[in-house]
Amino acid sequence: MASSASRTLLLLLLLVVVVVAAAVGGVLGGGGEERTFIVRVDADAKPSAFTTHAHWYEAAVTAAEGGGGGEWREGGPLIHTYSAAFHGFSARMSAAAAAALAEAPGVAAVVPERVRQLATTRSPRFLGLLSSPPSALLADSDFGSDLVIAIIDTGISPTHRSFHDRGLGPVPSKWRGVCSSGPGFPPNSCNRKLVGARFFSAGYEATSGRMNETAEVRSPLDTDGHGTHTASIAAGRYVFPASTLGYARGVAAGMAPKARLAAYKVCWVGGCFDSDILAAFDAAVADGVDVVSLSVGGVVVPYYLDAIAIGAFGATEAGIVVSASAGNGGPGGLTVTNVAPWMATVGAGSMDRAFPANVQLGNGQVLDGVSVYGGPALQSGKMYELVYAGASSGAASSAADGYSASMCLDGSLDPAAVRGKIVVCDRGVNSRAAKGDVVHRAGGIGMVLANGVFDGEGLVADCHVLPATAVGAAAGDKLRKYIGSSTRQAPATGTILFEGTHLGVHPAPVVAAFSARGPNPQSPEILKPDLIAPGLNILAAWPSGVGPAGIPSDGRRTEFNILSGTSMACPHISGLAALLKAAHPTWSPAAIKSALMTTAYIKDNSNGTMVDESTGVVADVFDFGAGHVDPMRAMDPGLVYDITPVDYVNFLCNLNYTEQNIRAITRRPADCRGARRAGHAGNLNYPSMSATFAADGTRATMKTHFIRTVTNVGGGRAVYRATVRSPEGCAVTVQPRQLAFRRDGQRLSFTVRVEAAAPAKKMEPGSSQVRSGAVTWSDGRHAVNTPVVVTVQAPLQ
């Protein structure tokens, strides 16, 4: 029987939730506009009379509405209940009701829901993962067998050859998940490879209304392609032959070919809703996954308001590695997303493979371009008239302005002016493939997609529906100028030369132009992105019912597709994390991330520092983090930086979060007195060090320090010595300079002191200077590299 105090708390909680439910249901007037809120409950304060959250919420809804149920019902307030990665529920309510609920005993936080968006034959070999003979990482991990990777995405195509289960052992005994069925996804869709599948649409439908089941399916089936693609990058089986429209021929394989997959569909036509994403995290933890791969992102908010950060913390606390895409907002700074330190934040780089499709102009110039168009080629030797609708060429339709026509927006082109011609379209607003469709429907024979200044020289190869290619900003300017100087008597002409697949391209890797960049907008003490992985022009599995261009008019079908994005980079790290966890089952999520980061490299295959694709100049730590992943070195990193959940709580304390803010993330009370005496947020035991100084003109030098602890995983006794590459204008010292380990698993600490000279010249208000270096520990066999970045920021005024 519940105690008197417990009964009192129960009554208070039920009263608040009943009031909220009544307000949402329209029983009480003046509640304001409804939206979805996610409510975190302090598990310690929960009434003992209720053993699960569902009991509590069902009782509350029953009292309010005369009904029950733990899932969203049309017209009902309750959407999801959570009990594994997160303790709480999500419901529709007014802002006033949410504010009232936030004050209830036992309620840790009330968070408004946000909508997120979705952010390979060559990459295993490029990363050194050879199948025959198997590389050490594949052999020691048994190709990831018995590890389960959760893919939180758009679902999966279960019949694809990349997900066959031939040669696999039984489903791991620890697996507790289910195989949800529905349209296009019969109960027998799962196997020993795809061990589980679920879908979560209650949050989406609570906000957007019941889904249109003629356009979407209420099942784990992937009708978009993104989820199938990312799943096969992480853990696709070996498939031969594989190609996209004849490009990138070879053997397709994921990073961990024998790892098991569990698909959690959370993304729909209207986006990916926080309440559904959190439900997927909750299910994944309860199901027993080992790695979560999340190629979804959105705006950056404080961690206690970020449902992804909250769900990821619960997963990490359960020993699950969480890998997330950095976002595709590059090349601008401060664009990185998914920045919580308990997640691996992954940017995108290129491989040594390209798909040239160059533009040959009538004046003899040849402009570099890329494409994976696989249809009928343009007539050999023929030069076609070029037209740019953004110029005064009359190519715009009567209903469109020059801007719309320059972007090749729907209905913007005059068929009479573009028929039989190659149309130049500016990049932006609508999708790249959609522009080609607009040109095709208007009667154009081909398209050149030209970057603008913001896009720079970054190029993405697409499966266009007509002969088309993409060119960089400089080539786009030349092309527009050439067309602008033409006359009716001497029109601008050109053609597109498709050259197929080129291997051994230099330099590689480069940082993809679209890859989101630091610094970390939420906590600059933590360098983000953490590292980069292949994400440009990646070939992977594709559903049979979706055209490769990803637009409704594309009736072509292909078993594999080539896509680009940090969405493609993220599952590379997810699969590699599974291999490392299989090879080192006692390593924590932080240790696995540390191994991937401290062994990453920054040199390309021309032996220069990696460059930024958008500018062609040398990239920096805010572009690539610790560097490009190197799986073979990550297998044996020598030392790792480990982090416990308590360390993350101390980090949050040092961000000056309140106890309630911290409880919203961790669901436990936090005593910040000791954490704040111990140092600052930069003292989280992270595999990078980032210092930000204010150049206020009052100091000649600026100082800080970092305390770090490393764990020996190199196999026994070892002596490591530190070498320092100081950032320009900075003095970096390490104490002690030598770490002598007597045994495997031993932990030793060191301090790094950074002293930065104030800028010699007054900086422009709001400007910053970024200087980077590194501390490297070496025992002659291992090199443990830790980036050190110093940012000097001028005040706004």
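The values are calculated or read from the model by the stated rules, or taken from the named source; none is laboratory data. Since this is a predicted model, take the numbers as computed values, not measurements. When we count neighbours, we look across all protein chains shown, and the Cβ atoms used for this are built from the backbone with ideal geometry, even at glycine. Ligands, DNA and RNA are excluded from the accessible area calculation, which covers all protein heavy atoms including side chains. Shrake-Rupley method; radii C 1.70, N 1.55, O 1.52, S 1.80 Å.
Of the numbered conditions (1) within 30 Å of Leu466 (Cβ to Cβ); (2) touching a strand residue (DSSP E or B) at 6+ places or on another chain (Cβ under 9 Å); (3) small (Gly, Ala, Ser), Gly625 fails exactly one; give the number of that condition.
(1)
Give segment 768-791 a look and list any residue that's of a type in the set (Gly, Ala, Ser) and on the phi < 0 side of the Ramachandran plot, or say none.
To start, the set of residues in segment 768-791 that are of a type in the set (Gly, Ala, Ser) comprises 768, 772-774, 778, 780, 783.
The answer is Ser768, Ser772, Gly773, Ala774, Ser778, Ala783.
Output the residue which, of all residues in segment 420-440 that are in a loop (DSSP other than H, G, I, E, B) and at pLDDT below 95, is nearest to Glu385 (Cα to Cα). Outline the logic, then answer.
Initial filter on segment 420-440 (in a loop (DSSP other than H, G, I, E, B)): 420-421, 427, 429, 431.
Those still in the list that are at pLDDT below 95 too: 427, 429, 431.
Working: Arg427: 20, Val429: 25, Ser431: 24 Å.
The selected residue is Arg427.
Yes or no: segment 695-709 includes at least one residue that is in contact with a Leu (Cβ under 8 Å, 6 or more places away or on another chain), modelled with pLDDT of 95 or more and not in a loop (DSSP other than H, G, I, E, B). Show your work before the answer.
Initial filter on segment 695-709 (in contact with a Leu (Cβ under 8 Å, 6 or more places away or on another chain)): 709.
Narrowing the set further to residues that are modelled with pLDDT of 95 or more leaves 709.
Subset that is not in a loop (DSSP other than H, G, I, E, B): 709.
Checked against the condition, which is being in contact with a Leu (Cβ under 8 Å, 6 or more places away or on another chain), modelled with pLDDT of 95 or more and not in a loop (DSSP other than H, G, I, E, B), segment 695-709 yields at least one hit.
Could we say that Asp671 is assigned to a loop (DSSP other than H, G, I, E, B), assigned by the TED database to the domain that holds Ala756 and open to solvent by 50 Å² or more (accessible area, probe 1.4 Å) here? Reasoning before the result, please.
Working: assigned to a loop (DSSP other than H, G, I, E, B): yes; assigned by the TED database to the domain that holds Ala756: no; open to solvent by 50 Å² or more (accessible area, probe 1.4 Å): yes.
Here the answer is no, as Asp671 does not meet what is asked.
Being open to solvent by 10 Å² or more (accessible area, probe 1.4 Å) and at pLDDT below 95 is the requirement here; does Gly319 meet it?
no
Tell me the residue from Gly456, Gly411, Gly443, Gly452 that is open to solvent by 40 Å² or more (accessible area, probe 1.4 Å), in a loop (DSSP other than H, G, I, E, B) and small (Gly, Ala, Ser), please. Let's see the steps before the verdict.
Details: Gly456 fails: open to solvent by 40 Å² or more (accessible area, probe 1.4 Å); Gly443 fails: open to solvent by 40 Å² or more (accessible area, probe 1.4 Å); Gly452 fails: open to solvent by 40 Å² or more (accessible area, probe 1.4 Å).
On inspection, the qualifying residue turns out to be Gly411.
Residues checked against (1) in contact with a strand residue (DSSP E or B) (Cβ under 7 Å, 6 or more places away or on another chain); (2) outside the structural domain of Ser404 (by the TED database); (3) of a type outside the set (A, V, I, L, M):
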residue	(1), (2), (3)
Arg427	yes, no, yes
Val438	yes, no, no
Gly446	yes, no, yes
Asp455	no, no, yes
Gly458	no, no, yes
Thr469	yes, no, yes
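Examine segment 587-602 for a residue that is part of a loop (DSSP other than H, G, I, E, B) and out of contact with any strand residue (DSSP E or B) (no Cβ under 8 Å at 6 or more places or on another chain), and state whether such a residue exists. First the steps, then the outcome.
Applying the first criterion (part of a loop (DSSP other than H, G, I, E, B)) to segment 587-602 yields 587-588, 599-600, 602.
Remaining after also requiring out of contact with any strand residue (DSSP E or B) (no Cβ under 8 Å at 6 or more places or on another chain): 588.
Yes, the conditions are met somewhere in segment 587-602.
Residues checked against (1) crowded, with 24+ Cβ neighbours inside 10 Å; (2) of a type in the set (Lys, Arg); (3) at positive phi:
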| site | (1), (2), (3) |
| --- | --- |
| Ser181 | no, no, no |
| Asn188 | no, no, no |
| Ser208 | no, no, no |
| Arg218 | no, yes, no |
| Tyr247 | no, no, no |
| Gly254 | yes, no, no |
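Strands (runs of 3 or more DSSP E) wholly in segment 257-358 with at least 3 residues that are farther than 21 Å from Pro585 by Cα - which ones?
260-265, 271-273, 344-349
If we keep just the residues of segment 616-632 that are outside any loop (DSSP other than H, G, I, E, B) and among the aliphatic types (A, V, I, L, M), which is farthest from Val770 (Cα to Cα)?
Going through segment 616-632, the residues outside any loop (DSSP other than H, G, I, E, B) turn out to be 618, 621-624, 628, 631-632.
Filter again for among the aliphatic types (A, V, I, L, M), leaving 618, 621, 632.
Details: Val618: 13, Val621: 9, Met632: 31 Å.
Here the residue is Met632.
Only one of Ile79, Ile151 is open to solvent by less than 30 Å² (accessible area, probe 1.4 Å), among the hydrophobic types (A, V, I, L, M, F, W, C) and at pLDDT 95 or above. Can you tell me which? Working first, answer last.
Numbers: Ile79 fails: at pLDDT 95 or above.
Result of the check over Ile79, Ile151: Ile151.
Is one or more of the residues making up segment 473-496 among the aliphatic types (A, V, I, L, M), touching a strand residue (DSSP E or B) at 6+ places or on another chain (Cβ under 6 Å) and part of a loop (DSSP other than H, G, I, E, B)?
yes
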